């Protein structure tokens with residue numbers, strides 16, 4: 001079976017990813033796999049389909065929900081107490097002014 005190759009313009013139109021982004025991804029070794037034929041860049045259709053299917057889809061997976069870590073209140077209180085005690089309000093450079 002002969003593999004069909006797509007130009008970077010065809011891939012940009014198909015995926016709705018800008019041409020500039022595709023080019024940047026190639027420099028960063030990201031994005032879909034590509035082949036070079038001299039100075040020509042081509043994307044294999046089968047590899048592009050595999051890359052598209054491997055991309056995460058939208059929506060929320062409740063089993064993988066990320067929860068925020070609690071902020072340590074004592075650190076915040078100590079920092080604000082230190083600032084107030086060490087620098088009087090009339091001193092230049094006071095961050096509390």
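Bear in mind these aren't lab numbers, they're just calculated from the coordinates by the rules spelled out. Just so it is clear, the model here is predicted, and its values are computed rather than measured. With ideal geometry, Cβ positions are generated from the backbone for all residues, glycine too; neighbour counts draw on all protein chains shown.
Considering every residue within the stretch 41-54, establish whether at least one is more than 20 Å from residue 4 (Cβ to Cβ) and either surrounded by 12 or more Cβ atoms within 10 Å (Cβ to Cβ) or free of Cβ contacts under 8 Å to residues at least 60 places away in the same chain (or both).
There is no residue in the stretch 41-54 that is more than 20 Å from residue 4 (Cβ to Cβ) and either surrounded by 12 or more Cβ atoms within 10 Å (Cβ to Cβ) or free of Cβ contacts under 8 Å to residues at least 60 places away in the same chain (or both).
Which of the residues spanning the stretch 1-10 are touching a residue at least 12 places away in the same chain (Cβ under 8 Å) and in contact with a helix residue (DSSP H, G or I) (Cβ under 9 Å, 6 or more places away or on another chain)?
3, 4, 5, 6, 8
Go through the stretch 11-40 residue by residue and tally those that are assigned to a helix (DSSP H, G or I) and touching a residue at least 24 places away in the same chain (Cβ under 8 Å).
Here is the first cut: in the stretch 11-40, the residues assigned to a helix (DSSP H, G or I) are 11-15, 19-27.
If we keep only those that are touching a residue at least 24 places away in the same chain (Cβ under 8 Å) too, we end up with 11, 14-15.
Total meeting the criteria: 3.
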